[in-house]
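Shown next, in structure tokens, is the structure this report addresses.
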Amino acid sequence: MLQIKEYSLVALDTELDNEIQAIDSLIKSDLKKISRIKIIESFFNDLKPIIDIEDDSSFIKAQRSKIEQLKLIDTSVSITDLRSFNPKLKLLATYLKKKRKYKKCTLNDILEFIFGYHLENRTQTLKKVLRKINLQNCVYCLAQYTTSYGLDGQKIYVKGNLDHIYPKSLNALVSLSINNLVPVCGHCNQRKLNADSSNFNFNPFDSKITPTFNFADVLEINNGQISFKNLTHLKIENINTTLESRLELTSLHKEYKSPIVNLLDRYKKFNSSSYELNIKELIKKGISADLEYFISETPFTEDNLQNIPLHKFKNDFYKELEGYKKSGSIKFS
Ligand SMILES: [Zn+2]
């Protein structure tokens, strides 16, 4: 369930599609400018069968299979004669100086410049696409929303962080590809940045691991009365070890006291005799939305798990409570 599927980019609206096309053509026109330079001839030979810069294939909308191929192209060749680039890309020198790579730059540095992930309007377009395909929850912790809208004068922009699954520092050809990008929350992004991204071996497109929260030691049962103790003893089973060691997700989830307390309160209320009558009425009328609201505050499907912060956390907590109820170890007023 943590696994995310390849994004379908077919149904994007025309305006967004035009933005993507415009960026793709700028990239291709810059690539054409440098394509006659001898020392990088083999790069263009490798690129052509995957993305032809003469046709309308897209770097941004590249499918995962293409991304896998693009990643393999060697862009590490060092560029000693920058003069062959400078007349064609006037701003390149300033960019490389700023990155302190002017004297020791590689083809990948030049590609990073051409792909221009550092340009705000390009990242805004990418964020809009992720927003459009409704993936807005951090793919690592599944806990926090990452995108929201902001207003700059009359202009609406999308806030939030994007994470490159395959780092652009290793191959800038995939730096703008939507299928290489995932939303990431501040917590995870900050911790991931501290790690060497090339060693961060976790790909949410490939992962089949779903964490399970264990609340057994978080609760206390006394004479049939259940109460919240604290979250210090929260356990997460089946957690990906890379995620845990780099992103410290267990400690992040230990901060979510209030959803647990609220859910426990509602659970007790829901199981009280007056509520029972109320719910029987709802079931008779065939209204299930109210029941779903109780469980998660949002309708639950496996598909939207990634888009609902704390969903798994709350769902597992609810199951824990249900277990106590079924075994008769808790009583309700
Ligand atoms: Zn996160």
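The values are calculated or read from the model by the stated rules, or taken from the named source; none is laboratory data. As the structure is a computational prediction, the values presented were derived from the model and not from experiment. Glycine also receives a Cβ, built like all others from the backbone with ideal geometry; neighbour counts cover every protein chain displayed.
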In the list 88, 159, 155, which residue meets the criterion of being within 16 Å of the ligand (Cβ to nearest atom), surrounded by fewer than 16 Cβ atoms within 10 Å (Cβ to Cβ), closer than 27 Å to residue 21 by Cβ and not hydrophobic (A, V, I, L, M, F, W, C)?
159
Of the criteria (1) more than 31 Å from the chain's Cα centre (by Cα); (2) outside any helix (DSSP H, G or I); (3) at pLDDT 65 or above, which one residue 309 fails:
(1)
Is there a residue being assigned to a helix (DSSP H, G or I), more than 24 Å from residue 66 (Cβ to Cβ) and in contact (Cβ under 8 Å) with a residue 60 or more places away in the chain anywhere in the stretch 191-207?
no
Filter result for residue 126 (away from the ligand (no atom under 15 Å from the Cβ), under 23 Å from residue 23 (Cα atoms) and in a loop (DSSP other than H, G, I, E, B)):
no
Here the residues within the stretch 219-254 that are among the hydroxyl-bearing types (Ser, Thr, Tyr) and over 19 Å from residue 316 (Cα atoms) are 241, 242, 245
Taking the stretch 67-94 and keeping residues in a helix (DSSP H, G or I) and under 18 Å from residue 176 (Cα atoms) leaves 67, 68, 69, 70, 71, 72
Kindly establish whether residue 155 is among the basic types (Lys, Arg) and within 23 Å of residue 28 (Cβ to Cβ).
no
Only residues in the stretch 132-154 that are assigned to a strand (DSSP E or B) count as the first member; pair them with residues that are of a type in the set (Ser, Thr, Tyr) and more than 13 Å from the ligand (Cβ to nearest atom), Cβ under 7 angstrom, at least 6 apart or cross-chain, and list the lot.
150/157
Of all residues in the stretch 180-237 being polar (S, T, N, Q) and loosely packed, with under 11 Cβ neighbours inside 10 Å, which is farthest from the ligand (Cβ to nearest atom)?
223
For the stretch 239-272, which positions are in a helix (DSSP H, G or I), away from the ligand (no atom under 16 Å from the Cβ) and surrounded by fewer than 16 Cβ atoms within 10 Å (Cβ to Cβ)?
241, 257, 258, 261, 262, 265, 269
What are the residues in the stretch 163-179 that are surrounded by 19 or more Cβ atoms within 10 Å (Cβ to Cβ) and in contact with a Phe, Trp or Tyr (Cβ under 9 Å, 6 or more places away or on another chain), if any?
163, 164, 165, 168, 172, 173, 174, 175, 176, 177, 178, 179
Any chance you could count how many residues in the stretch 83-99 are more than 34 Å from the chain's Cα centre (by Cα) and among the aromatic types (Phe, Trp, Tyr)?
1
